[in-house]
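Written out below as C-alpha cells is the structure these notes cover.
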Amino acid sequence: MIPAIPEAEKTLTPSIAEILSRIDKDELVRLVLDVCNIDSGGPIEAPVARYVGNWLQAEGLRVRNIGLLAGRFNVLARLPGTGGGYSLLLNSHMDTAVRSTDIWSRIDPDADVHHKAWREGDELVGEGVVNDKGPLAAFLIAAKAIKRAGVKLKGDLLLSGVVAETSHEPSDGPPGAVVETLDLGARFLATHGGVADYALIAEGT
C-alpha cells in the first residue's frame, strides 16, 4: 500500500512533524517505480546501483561504491550527525530473486511481475517493490525529508543498498557445491566500512 502521512502527526515533536510534512507521496511513488523498473535480478545490479548512487549524490550526500565485483557494487551514503549520538545504518538489497534465465526453476521467469513495477489504485505491484527496492526507496525519501527539514541528528545516518542478497556462493562441500547465504553483499559492506552502532534491515519479505 502507498503510505499516507499519519493524522496523528500533530501529537509528535515539532522536528518529527516537520520531517513528515516534507515527505512527498508522489515523489515516493515515482522513486519506487523508477528503481523497481530497473531490472536487477542478480547478478545484474549495476544499473540500479548507479541510479541509486546518482540520486543520493543529487541530494547532496557523499556516496561510496563498495565493490564486491566491478559490476556488482554496494552503495553507501552518509548523512552526518552533529556528534554525541548513536549512528544508524538503514539497509536494503538491490538484487531481485528471479532472472529471465531461471527457466529451470520457474515456468514464468520472463513475467513482468518479476522485472517491472506499476501502480494499481493505491497499490504498487512487482517483485522488486517488496523484495526489496520498495523499502530502499522509502528510506531514501525519509532521509531526504530529514535533510530538507533541516533537522540535525546527533548521530550519523547511513543509507545502504547491497548486492547479492539472493545469492549463492562456494561452500566447503564437493567441488561445484554452492550455499545460499543471503548476506554476501551485506557482509562485504560491513567489512569495508559500512558499519554503525545500530542497523535496521528494511526487508519487505
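Assorted remarks:
- For the chain, averaging the sequence separation of C-alpha pairs within contact (under 8 Å, six or more residues apart) and dividing by the residue count gives a relative contact order of 28 percent.
- For the chain, calculated [θ]222 nm from helices alone, where every DSSP H run of n ≥ 4 adds -39500 (n - 2.57): -9000 deg cm²/dmol
- Relative to the 2.2 N^0.38 Å rule of thumb, the chain has a C-alpha radius of gyration ratio of 1.07.
- Rounded to the nearest Hz, the phi-derived 3J(HN,Hα) couplings of the range 192-202 under the Karplus curve 6.51 cos²θ - 1.76 cosθ + 1.60 (θ = phi - 60°) are 10, x, x, 10, 8, 5, 9, 9, 10, 8, 8, where x marks glycine and proline.
- Linear extension gain, Ile103 paired with Lys25, 0.36 nm per residue minus alpha-carbon span: 24.4 nm
- Here the range 164-205 is scanned for amide nitrogen atoms under 17 Å from the site 7 Å beyond the Cα of Lys154 along Cα-to-Cβ, giving 197-199.
- Across the range 156-166, rounded Karplus estimates of 3J(HN,Hα) from the backbone phi angles (6.51 cos²θ - 1.76 cosθ + 1.60, θ = phi - 60°) give 5, 10, 9, 10, 9, x, 10, 9, 6, 7, 8 Hz, Gly and Pro being marked x.
- The chymotrypsin sites (Phe, Trp or Tyr not before Pro) found in the range 37-118 that occupy coil by DSSP, while having at most 13 further C-beta atoms within 10 Å, are Tyr86, Trp104.
- Computed on the Cα atoms alone, the convex hull of the range 85-205 gives a volume of 129 cubic angstrom per residue.
- Under a 5 Å amide H cut-off, with hydrogens placed 1.01 Å from N, Leu124 pairs with Ile2 among residues at least 5 apart or on other chains.
- Fully extended contour minus Cα-Cα distance, from Asn37 to Asp197, at 0.36 nm per residue: 54.3 nm
Every number in this text was worked out from the coordinates using simple rules, so none of it is lab data. Everything numeric here is computed off the predicted structure, so don't read it as measured data. Methodologically, a virtual Cβ is constructed for each residue, glycine included, from the backbone with ideal geometry; neighbour enumeration extends over all protein chains shown.
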